[in-house]
Amino acid sequence: MLQVKLRADTKRGARFMATICFYQDTRHEKPLLWIHKQLKVGYVSRRNDGMTELRINGFAQVREILSELKPFIRFKAKQTDALIKACALLESKSISLLSKQELRKLVDLVFVIRNENYASRSTVTKEELDTRLGLTP
């Protein structure tokens, strides 16, 4: 996922976060532990709702892992492509140095990912994000 955290304490008014999440019923968490051991990144946590999750954060780590997994991904291919592009852009320079064109590309990628997901709890609209990032005329 590519999250956008709206923040008043940053120049751009937002912070981007890239995360790969694997979820599994805690009774069947062994595959997640195996993935974690193989990748040697991220962290595994047991949630209160009986689920275990493996989370991997960071633009470079997410891009590298998704690039390696890309040939095997079937159901999240569009999200994978969009997240790889976004991570490459976000790791190339600080968000404060991104041009308006690059920021618009990021916003578009956020919504490609969101629109391909089954459900999204996000309430931030594209217009609100554009305004927050200073992309409106």
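Read-outs: derived from the displayed coordinates by stated rules, not from any lab. These figures come from a predicted structure and were not determined experimentally. All Cβ positions, glycine included, derive from the backbone under ideal geometry; neighbour counts span all protein chains shown.
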Fill in the blank from the handout: Length gained, Thr26-Glu127, 0.36 nm per residue minus C-alpha separation, equals 32.5 nm
Problem - Relative contact order (%) - criterion: Cα under 8 Å, at least six apart; region: the chain - result: 23
Problem - Net dipole in debye of the chain [+1 Lys, Arg Cβ; -1 Asp, Glu Cβ; about Cα centre; nearest 20] - result: 140
Problem - Which listed pairs, of Lys37/Lys85; Lys40/Lys76; Lys40/Lys78; Lys70/Lys105; Lys40/Lys100; Lys40/Lys126, have C-alpha distances above 31 Å, in listed order - result: Lys40/Lys100; Lys40/Lys126
Handout entry: Zero-based 5 Å bins, Cα pair distances in the chain, whole percents
Key = 2, 9, 18, 20, 20, 15, 9, 5, 2, 0, 0
